[in-house]
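Every number in this text was worked out from the coordinates using simple rules, so none of it is lab data. Every value quoted in this text rests on a predicted model; they were computed, and no experiment measured them. Ideal geometry is used to build each Cβ from the backbone, glycine not excepted, and the neighbour counts take in all protein chains shown.
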Amino acid sequence: MHGRERSFSWRRETTVGVEEGIHGRPAARFVKAAKGFSSQVVIVKGDREVNAKSVLKITGLARKGEKVTIRAEGEDAEQAVETLAELIAADEH
C-alpha cells in the first residue's frame, strides 16, 4: 500500500422493498447512486453476483421481499454498502 491508500471490504444483507423490485426506475436510481462511489460494488442473490454499477446486470435480479447482499470493496466501501442497502430496502416508488 502506498501512503494513505487503503482498501476495505464491507457487506450487508437487505430485503428489496421497492414495489417494482430491482427494475426500471429503482434500478436506474440504484446504479446512479452506486456510480457515485469509488469502491467496486456488487449485488449478490443466491449464486449470482452482478456489478451494481450496470443497469443491465441488476435489472430483474430480485423482486420485492427477496433478500440480496450488497458488497463493496474500496476506500468508501462502508458508506457505499450502507447507502445502497438503504436505497434498495426503501419502499418508495
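Brief remarks on what is shown
- Between E78 and E49, the FRET efficiency estimated from the beta carbon spacing at R0 = 22 angstrom works out to 0.70.
- For the chain, the longest principal axis of the alpha carbon atoms and the long axis of helix 24-34 meet at an angle near 10°.
- Cleavage-rule hits, GluC sites (Glu not before Pro), region 1-79, DSSP coil, Cβ neighbours within 10 Å at most 14: E5, E19, E20, E66
- Region 22-93: trypsin sites (Lys or Arg not before Pro) falling in loop per DSSP and having at most 12 other Cβ within 10 Å: K35
- Length-normalised contact order for region 8-89 - Cα pairs under 8 Å, 6+ apart - percent: 49 percent
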